[in-house]
Amino acid sequence: MFRKYTVQLILVTLGGIITYLAYEELIGLYTLSVLMFMGVNIIMSTSLNLVNGNMGEFSCGHAGFMCVGAYVSSLLGVLLFSKDKIFGPPLLNPDLAIYFFPLVIIAGGIAAAFAGLLVALPSYKTRGDYLAIITIAANYIIISSIENLNVIGGSRGFMGMKKVINAMEDIIYLPWMVIWVFVFTVATVWALRRYTSSTFGKGVAAICQDEVAAEIMSVNTNKIKTITFMLSSGLAGIAGGLFAYIIGYVNPGSFNILKSTEALVMVYLGGMGSLSGAVLSAILFTVLLELLRPLQIIKWVVIPLLLIVLMQFRPEGIMGNRELSDIFPRLKRFYKFK
Amino acid sequence: MLATTIQNIINALQWGSFYALIALGYTMVYGVLTLINFAHGDIFMVGAYIAFFVATFILSMLGLPGWIALALTIPLTMILTSAVGVSLERVAYRPLRRKGAHRLYVVITALMCGLILEHANLALLGASRKAFPALITEHVYTIGGVTFTNLKVAVIFTAILSFVILHWIVTKTKVGMAMRAISYDKFAVPLMGIPIDSIIVITFALGSGFAGLAGILFAMSYPVLEPYMGALIGWKAFIAAVVGGIGDIRGAFLGGFLLGAVEIMVVAFFPSTYRDLIAFTVLLVILSLKPTGLFGIAKTTKI
């Protein structure tokens, strides 16, 4: 009877254990931050997987949307809950931060979703590699416009998010960032799973196969493309917001095309269109980056080399186009959602 | 006013020449393989470094005068850079193509190759910038308030000459005919007795060779070399190639000059930090209005 709820139980236990370990400070800050970045990377790769894998477009400006989310949520958080040089005293009582924090992150996601329109609207007519250029251009446009907004620090960046976190920890002492990163990661993967198996998801798959044929079979391609792009960039915005609050500092330079490349690598390493592949490769990639940290600059020679070698032996990525439950069909007994 | 305008046009032509030369390489490879060779910008960077080593070697070891050194540097650099491009194709892209991997996995491999070139350079040569030796003395001419140097004129003419040569190769020679045939139908071409692999190698050699030429010219005009110089200019040249209509030589050439002109004009009238913002917005608008670029042909899709 309980077997169908195994996944939920495992997730709750895992979240509980990590929170407890962080609360008792049994694992170091370094390990903790690696775990949190892992969560952010999972959100980043799964959300890009929706566009690049499931819909078959080639979007290479994902970091731009993260940038929008990061800036909107950190500006909003600092504006509402903390004293700042630019915005002056907080608009709301800092005690409320504990309740409004997830809303602030989601607001960043919504803003990023609207930034996604920058790509979604041209995608009605522009296809394939031409759309890829539009995504790169969108990434540059977003970063460049934030660099030119001197009010919020321009290219020097923006900070003060740690105060919001501290305000939250003053009320109830819990590792809030760990909890929220975990919750948002699980929520993202769940939402994407539900989305790809819904009617919209079938439309997305149809667009991936053949856009013209899908249109003829009465799939409203424009609507589905708009929603998919907005969902993907909105989730990227959430990843960006969490990223900003984890570091406590955000600057446009950290969301450049190299960050987008990282997201691309994670998607194609996992296998196009495979949600569990995207999660696995995000975990692997984060661990790999940290393991090779002692190599310093050579790290960025070794990692691409490893990836190229992997591509030679397994050109379809780790999972290919399959999910974990396709490879191990017995896993299907342990969850009930489609 | 007129003098400033002409001055800006000359600057735009020079700046656009670099984009055009790099975009030519992108578009040739794309035209044949429909592969976005993201390592191309870094091949340009490698070309500049090769030119630096060759020129320094000739100047200091052999003690030859500047113009002979230049005459030796250009062909040597072009050959060595082509070798780099071709070896990338042999080592990384061809095995994937043989296995029938999805096109985008090859693109990711290209991105990785670019990263390797950048960071291997950084690891081997260090982060210190290299100063390119002056090969020819720069003469400054002033005609009616318009200032230009012999180098600027040489850059512009080299770009135009390269375009003419490449256009001739693609449209008039047998190799070019084979290239166009491959981009038209990949499966029928081998049946006609055309060696696909050799044609692809020639395409990579030509594209990388002209990226090497762009590297020499860039290093002579802005004599400071650093490992990341190819990344941004490569991405921008790719965008220029697409705006022109990727796969078309004329499109890449025009797109390069268009991007150069837009950037120079933005810098002339606005603060220079707005350059990327306005330039990319213009390109985004162009691509929204003409979804297949300036020279691109809208293909009818069959189901």
Inset, instruction - Tell me, yes or no, whether the stretch B:47-69 has at least one residue that is closer than 23 Å to B:LYS186 by Cα, under 20 Å from the mean Cα position of the chain (by Cα) and more than 14 Å from chain A (Cβ to nearest Cβ). - result: no
Inset, instruction - Filter the stretch B:123-132 for residues that are buried (at least 17 other Cβ atoms within 10 Å of the Cβ) and either within 10 Å of another protein chain (Cβ to nearest Cβ) or outside any strand (DSSP E or B) (or both) and give the result. - result: B:ALA123, B:PHE132
Legend entry - Odd one out for A:ALA239, checked against (1) modelled with pLDDT under 90; (2) buried (at least 21 other Cβ atoms within 10 Å of the Cβ); (3) part of a helix (DSSP H, G or I): (1)
Inset, instruction - Kindly check whether there is at least one residue in the stretch A:177-199 that is of a type in the set (Val, Ile, Thr), away from every other protein chain (no Cβ under 14 Å), surrounded by fewer than 19 Cβ atoms within 10 Å (Cβ to Cβ) and closer than 20 Å to A:LEU76 by Cβ. - result: yes
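Yes/no per residue for (1) within 14 Å of another protein chain (Cβ to nearest Cβ); (2) surrounded by 16 or more Cβ atoms within 10 Å (Cβ to Cβ); (3) over 30 Å from A:ILE143 (Cβ atoms):
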| position | (1), (2), (3) |
| --- | --- |
| A:ILE27 | no, no, yes |
| A:VAL40 | no, yes, no |
| A:GLY64 | yes, yes, no |
| A:VAL78 | no, yes, no |
| A:ASP95 | no, no, yes |
Legend entry - Residue match in the stretch B:102-111 (condition: of a type in the set (A, V, I, L, M), more than 7 Å from chain A (Cβ to nearest Cβ) and within 21 Å of B:TYR228 (Cβ to Cβ)): yes
Inset, instruction - Please work out if A:THR226 is more than 14 Å from chain B (Cβ to nearest Cβ), within 30 Å of A:GLN8 (Cβ to Cβ) and assigned to a helix (DSSP H, G or I). - result: no
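Filter the stretch A:134-171 down to residues that are over 19 Å from A:HIS62 (Cβ atoms) and facing chain B (nearest Cβ under 10 Å) and give me whichever is surrounded by the fewest Cβ atoms within 10 Å (Cβ to Cβ). Explain how you work it out, then say what you get.
First pass over the stretch A:134-171, keeping only residues over 19 Å from A:HIS62 (Cβ atoms): A:148-171.
Still in the running and facing chain B (nearest Cβ under 10 Å): A:148, A:150, A:154-155.
Values: A:ASN148: 16, A:ASN150: 10, A:GLY154: 15, A:SER155: 15.
Going through the qualifying residues, I end up with A:ASN150.
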Inset, instruction - Scan the stretch B:90-107 and report the pairs whose first residue is surrounded by 14 or more Cβ atoms within 10 Å (Cβ to Cβ) and whose second residue is among the basic types (Lys, Arg) and part of a helix (DSSP H, G or I), with Cβ atoms within less than 9 Å and a gap of 6+ or a chain change. - result: B:VAL106/B:ARG97
Inset, instruction - Tell me, please, whether a residue that is out of contact with any Leu (no Cβ under 9 Å at 6 or more places or on another chain), within 22 Å of A:TYR140 (Cα to Cα) and modelled with pLDDT of 85 or more can be found in the stretch B:238-260. - result: yes
Inset, instruction - Tell me, yes or no, whether the stretch B:39-60 has at least one residue that is in contact with a Cys (Cβ under 9 Å, 6 or more places away or on another chain), surrounded by 24 or more Cβ atoms within 10 Å (Cβ to Cβ) and outside any helix (DSSP H, G or I). - result: yes
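I'm checking my understanding of the structure. Among residues of the stretch A:110-133 that are among the β-branched types (Val, Ile, Thr) and at the interface with chain B (Cβ under 7 Å from one of its Cβ atoms), which one is surrounded by the fewest Cβ atoms within 10 Å (Cβ to Cβ)? Write out each step before concluding.
Within the stretch A:110-133, the first condition is being among the β-branched types (Val, Ile, Thr), and the residues that meet it are A:110, A:119, A:126, A:133.
Restricting the remaining residues to those that are at the interface with chain B (Cβ under 7 Å from one of its Cβ atoms) gives A:126, A:133.
Numbers: A:THR126: 22, A:ILE133: 29.
The residue in question is A:THR126.
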Legend entry - Set A:ILE308, A:ILE246, A:ILE303, A:ILE298: member being more than 14 Å from A:LEU48 (Cβ to Cβ) and more than 10 Å from every other protein chain (Cβ to nearest Cβ): A:ILE246
Inset, instruction - Check whether at least one residue in the stretch A:213-232 is aliphatic (A, V, I, L, M), over 20 Å from A:VAL250 (Cα atoms), crowded, with 18+ Cβ neighbours inside 10 Å and in contact (Cβ under 8 Å) with a residue 40 or more places away in the chain, and report yes or no. - result: yes
Legend entry - First in the stretch B:130-143 and in contact (Cβ under 8 Å) with a residue 40 or more places away in the chain, second anywhere and part of a strand (DSSP E or B), Cβ under 6 Å, 6 or more apart: B:LYS130/B:LEU225
Legend entry - the stretch A:128-153: number of residues that are more than 30 Å from B:VAL242 (Cα to Cα) and touching a residue at least 24 places away in the same chain (Cβ under 8 Å): 3
Inset, instruction - Kindly provide the set of residues from the stretch A:292-338 that are assigned to a helix (DSSP H, G or I) and in contact with a Phe, Trp or Tyr (Cβ under 8 Å, 6 or more places away or on another chain), ordered by number. - result: A:MET311
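When you scan the stretch B:208-303 for helices (runs of 4 or more DSSP H) that lie fully inside it, which ones turn up with 2 or more residues that are more than 10 Å from chain A (Cβ to nearest Cβ) and of a type outside the set (S, T, N, Q)?
In the stretch B:208-303, B:229-244, B:249-269 are the helices (runs of 4 or more DSSP H) which contain 2 or more residues that are more than 10 Å from chain A (Cβ to nearest Cβ) and of a type outside the set (S, T, N, Q).
Picking from B:GLY193, B:GLY209, B:GLY176, which residue would you name as being touching a Phe, Trp or Tyr at 6+ places or on another chain (Cβ under 9 Å) and modelled with pLDDT of 85 or more? Give the derivation first.
Values: B:GLY193 fails: touching a Phe, Trp or Tyr at 6+ places or on another chain (Cβ under 9 Å); B:GLY209 fails: touching a Phe, Trp or Tyr at 6+ places or on another chain (Cβ under 9 Å).
Matching residue, one of B:GLY193, B:GLY209, B:GLY176: B:GLY176.
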Inset, instruction - May I ask you to say which residue of B:LEU72, B:LEU80, B:LEU115 is at pLDDT 85 or above, at the interface with chain A (Cβ under 10 Å from one of its Cβ atoms) and either surrounded by 15 or more Cβ atoms within 10 Å (Cβ to Cβ) or in contact with a helix residue (DSSP H, G or I) (Cβ under 7 Å, 6 or more places away or on another chain) (or both)? - result: B:LEU115
Inset, instruction - Give the residue, chosen from B:ALA159, B:ALA181, B:ALA120, that is in a helix (DSSP H, G or I) and free of Cβ contacts under 8 Å to residues at least 12 places away in the same chain. - result: B:ALA120
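The values are calculated or read from the model by the stated rules, or taken from the named source; none is laboratory data. None of these values were measured; they are calculated from a predicted model. For neighbour counting, all protein chains shown are included, and Cβ atoms are generated from backbone atoms with ideal geometry for every residue, glycine included.
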